[in-house]
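The values are calculated or read from the model by the stated rules, or taken from the named source; none is laboratory data. Note that this is a predicted model, so its numbers are computed, not measured. No Cβ is skipped: glycine too gets one built from the backbone with ideal geometry, and neighbour counts run over all protein chains shown. Note: areas computed on protein heavy atoms with side chains; ligands, DNA, RNA excluded. Shrake-Rupley method; radii C 1.70, N 1.55, O 1.52, S 1.80 Å.
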Amino acid sequence: MQNSDGLTWAILIATLAMLMMAFFVILFIVFYQKRQLHQEKKLHEIEKDYQRLLLDTALNSEETERRRIAQDLHDDIGTMLSLTKLSLNQLSKLVADSGIKEDQIMRKSQALVEETILHVRRITRDLVPTTLERFGLAAAIEEFINKLDNSKDLKISLISNTEDSPRQSQKTELTIYRIMQELVNNSIRHSQCSMIEINLHVNSTIIELQVTDDGIGFEPDAIKDNNLTGLGLLGIESRLAIVDGTINYEKPKMGGSKALALVPVAPAIDSKPEPLHPFRRQRVKI
Amino acid sequence: MVLIESYITFIHNHLIVCLAVFVTIIPLFLILYRKANVDPSFYLLQIYLITKLIIDLIMFHYATQRTNNLMYYNLSIPLRYALLSGMFYYKIESAVYKRGIIYSIIGFVIFSIWDIFYSNPDIKDLHNHSMVAYATTVECLLLLFWILAYFYEIIRMLKIPNLLTFPFFWVCSGLLLYYSSFIFIAPILHYTEKWENPLYIGFLNLVPYIFETLCLLFFSIGVWIFSIRYYAKQ
Ligand SMILES: Nc1ncnc2c1ncn2[C@@H]1O[C@H](COP(=O)(O)OP(=O)(O)OP(=O)(O)O)[C@@H](O)[C@H]1O
Ligand SMILES: [Mg+2]
């Protein structure tokens, strides 16, 4: 039998070193992987935040642009139309006794100008939901319904409990209002319904908006897969993404369609209405 | 009766060695029980464990009879390498490594057979059959390489959310520990495992057996947490 203490020790030490290395490799892999994953997740979050910010900015600038157009329409075209009306009135006095034909043309022009003024006012008010800013969601939806009721032969009803709940932040209210607008418009346009019911329910944590119609209904999944979605449903999703809301479409058994949007409440900090034109405020002050 | 008595004495005298043999049953049972063999890698592991158990039991029997059993060990080396590196073939994604594994299996089988003849000039003399000289060391190196390559791929691809619940990570860790402990002992086994004039290295001889047991326990953990539903998509 050979005996070799030296060799035994050398191998023992080498083996220990090797084992230590193996052990550290395992530890390293576990921790490195964990850290790397963590970092990737963080990066992902930052990206998501950035996307949301981008969307927010886009929608904000859209609203700002609407305000600007509304303001311009109101200030420039509106003023000019008022002046035109004034001039026409003066002219009508002059041509009053000229003849029947002139009088007829005169009246027609006056009526047209009147109507144009009304249209411009309506467009301005549609562009900027002033009622929403001043009196809140329920009032704005009510107004929206009234406008439609006049023009269409269908029954739209609103059930809401917002009277005694506080006003929501401007962004949240506008989001809900625009979503309601799109849902009702869709129902009118696509579903051939005779009845639309809007439910607005606010509790301490969440705002529920439910729009139900009794029309032909649609398969929400099929539409999402089919690329049938227009800008409407996509717009709803992107608006909701900003306020952390969700939307859920259903096809009830009795027919028709049902959309339920949930948005977390965000009470308004300062309910003072914004100036119509954000850039003009300064000009007024000077 | 005599046979059983000799078995018991052998177990009594070589407890650690025998532990490495009988612990094989645990992961094998778990693989069958948890149906882990639906995964190709675990299927290979199952085959490996079965062959290991059979060969170990044969060697155990001959050891109790004080007969040279090294021939079986030598034969198990190419088989072991083929099955274990085959597991990595199914786990590693890089095509280059995959091809490398196939070639290495072919090359290694040829090499280890050559080594058996080289280490035993008189192949008919089974009594003085001795352990291969280089094949075990080469096997250690190759497998360590595949393990590290696989680890590198894991941290590069970041596909596994939690390594500690990833079954194959435990299998790899077990193998890494086992082969790390074995790599410096493997080259001298050729000189220690001999009938005549062996080299004496004391308890170092037992180190591979200890880590083999540990490795088998790691396999068991890996198989235990194997669950088809939670298996990270590959
Ligand atoms: N209430 C509904 N009843 C029946 N079908 C509907 C209803 N709402 C939506 N749809 C279907 O879903 C499709 C997608 O609606 P979406 O609002 O995204 O687009 P759109 O109304 O066609 O176009 P856009 O809103 O961009 O002007 C519609 O084309 C319509 O077929
Ligand atoms: Mg639409």
task: For region B:213-221, indicate whether the set of residues that are farther than 22 Å from B:H129 by Cα, at the interface with another protein chain (Cβ under 8 Å from one of its Cβ atoms) and among the hydrophobic types (A, V, I, L, M, F, W, C) is non-empty.
output: no
message: So, A:L276, is that one more than 16 Å from ligand 2 (Cβ to nearest atom), at pLDDT below 90, under 24 Å from A:L132 (Cα atoms) and not assigned by TED's automatic domain parsing to the domain that holds A:L53 or not?
response: yes
message: I'd like to check something: does region A:44-65 contain any residue that is more than 11 Å from chain B (Cβ to nearest Cβ) and over 30 Å from A:I242 (Cα atoms)?
response: no
- prompt: From the set of residues in region A:211-221 that are of a type outside the set (D, E, K, R), in a loop (DSSP other than H, G, I, E, B) and surrounded by fewer than 19 Cβ atoms within 10 Å (Cβ to Cβ), which is nearest to ligand 2 (Cβ to nearest atom)?
  reply: A:F218
query: Is at least one residue of region B:197-204 in contact (Cβ under 8 Å) with a residue 24 or more places away in the chain and either assigned to a helix (DSSP H, G or I) or open to solvent by 10 Å² or more (accessible area, probe 1.4 Å) (or both)?
result: no
field: Top-ranked residue in region A:199-210 [being in contact with a strand residue (DSSP E or B) (Cβ under 8 Å, 6 or more places away or on another chain) and touching a residue at least 60 places away in the same chain (Cβ under 8 Å); ranked as farthest from ligand 1 (Cβ to nearest atom)]
entry: A:T205
- line: The residue that is farthest from the other protein chains (Cβ to nearest Cβ), considering only those in region B:132-153 that are open to solvent by less than 20 Å² (accessible area, probe 1.4 Å), farther than 22 Å from A:I13 by Cα and at pLDDT 90 or above, is B:A135
task: Could you please give the count of residues in region B:156-196 that are in a helix (DSSP H, G or I), more than 9 Å from chain A (Cβ to nearest Cβ) and over 21 Å from A:L16 (Cβ atoms)?
output: 8
statement: Checked region A:189-198 for anything more than 7 Å from ligand 1 (Cβ to nearest atom) and either among the basic types (K, R) or open to solvent by 40 Å² or more (accessible area, probe 1.4 Å) (or both); matches are A:Q192, A:S194, A:M195, A:E197
- line: Residue hits (region A:222-254; in a loop (DSSP other than H, G, I, E, B), within 12 Å of ligand 1 (Cβ to nearest atom) and either modelled with pLDDT of 90 or more or open to solvent by 30 Å² or more (accessible area, probe 1.4 Å) (or both)) are A:N227, A:L228, A:T229, A:G230, A:K251
Filter pass, A:D213 being acidic (D, E) and away from ligand 1 (no atom under 11 Å from the Cβ): no
- prompt: So is A:K171 more than 15 Å from ligand 2 (Cβ to nearest atom) and more than 22 Å from A:L55 (Cβ to Cβ) or not?
  reply: no
message: Can you name every one of the helices (runs of 4 or more DSSP H) wholly within region B:1-117 that holds 3 or more residues which are out of contact with any helix residue (DSSP H, G or I) (no Cβ under 8 Å at 6 or more places or on another chain) and over 27 Å from B:K194 (Cβ atoms)?
response: B:2-13
query: Which one is farthest from ligand 1 (Cβ to nearest atom) among residues in region A:150-185 that are open to solvent by 60 Å² or more (accessible area, probe 1.4 Å) and of a type in the set (D, E)?
result: A:D164
- prompt: If we scan region A:84-105, do we find a residue that is out of contact with any Phe, Trp or Tyr (no Cβ under 8 Å at 6 or more places or on another chain), within 14 Å of chain B (Cβ to nearest Cβ) and in a helix (DSSP H, G or I)?
  reply: no
- prompt: What pairs come up if the first residue lies in region A:213-241 and is away from chain B (no Cβ under 14 Å) and of a type in the set (K, R), the second is away from ligand 2 (no atom under 15 Å from the Cβ) and in a helix (DSSP H, G or I), and their beta carbons are under 7 Å apart, counting only those six or more places apart or on different chains?
  reply: A:R239/A:L59; A:R239/A:T175
query: A:L154 passes all but one of (1) in the same structural domain as A:C193 (by TED's automatic domain parsing); (2) under 23 Å from the mean Cα position of the chain (by Cα); which number fails?
result: (2)
